[in-house]
Amino acid sequence: ATEMDGAECSSCPTGKFAANTGSSTCLDCDAGKYSGNTGSSACTNCDAGTFSADIGVSACSGGALCNVGSYSDTPGATSLSTTTCQMCPTGKYAANTGSSACSTCDAGKFSADSAASTCSG
């Protein structure tokens with residue numbers, strides 16, 4: 001807290017922010033954004049592969065990520081659905097949930113199907 005003319009200013013809690021000086025309240029971060037620190041002046045987009053459906057969160061969800069074989073390159077997602085989670089194309093794979101990109105199969109290996117979690121060969 002900062003002392004100013006006898007009045008005390010408080011830091012916004014996590015999940016909230018105050019963008020302007022002289023704010024009298026803190027605002028909730030929008031869905032798709034978060035604030036993990038107190039005293040934030042802005043919220044941060046959820047990383048690709050994660051999401052926040054709720055407002056005022058201090059972290060983006062790690063529980064309902066894209067499945068193996070799929071990825072999301074959409075930062076600031078408010079949900080993970082078929083529109084934000086995309087299947088990896090043939091020749092690429094995603095071995096982990098929550099991938100933000102697919103990896104390319106190494107030389108000598110392949111994935112003949114889309115949505116692969118490994119390469120064969």
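The values are calculated or read from the model by the stated rules, or taken from the named source; none is laboratory data. These numbers were taken from a predicted model, which means no experiment stands behind them. Methodologically, a virtual Cβ is constructed for each residue, glycine included, from the backbone with ideal geometry; neighbour enumeration extends over all protein chains shown. With ligands, DNA and RNA removed, areas are computed over all heavy atoms of the protein, side chains included. Shrake-Rupley method; radii C 1.70, N 1.55, O 1.52, S 1.80 Å.
Just checking, which of Gly56, Gly22 is over 28 Å from Ala116 (Cβ atoms), in a loop (DSSP other than H, G, I, E, B) and at pLDDT 95 or above?
Step by step, each of Gly56, Gly22 is checked, and only Gly56 is over 28 Å from Ala116 (Cβ atoms), in a loop (DSSP other than H, G, I, E, B) and at pLDDT 95 or above.
Quick one: in the range 71-121, which of the residues that are at pLDDT below 95 and acidic (Asp, Glu) is nearest to Cys29 (Cα to Cα)?
Checking each candidate, the answer is Asp73.
Among the residues of the range 29-36, is there at least one that is within 25 Å of Ser99 (Cα to Cα), of a type in the set (S, T, N, Q) and at pLDDT 95 or above?
yes
If you take the residues of the range 14-55 that are of a type in the set (Ser, Thr, Tyr) and more than 20 Å from Pro75 (Cβ to Cβ), which of them is most open to solvent (accessible area, probe 1.4 Å)?
Top of the filtered list is Thr21.
For the structure I just gave you, tell me whether Gly91 is under 30 Å from Gly121 (Cβ atoms) and surrounded by 15 or more Cβ atoms within 10 Å (Cβ to Cβ).
Yes; evaluated as a whole, the condition is true for this residue.
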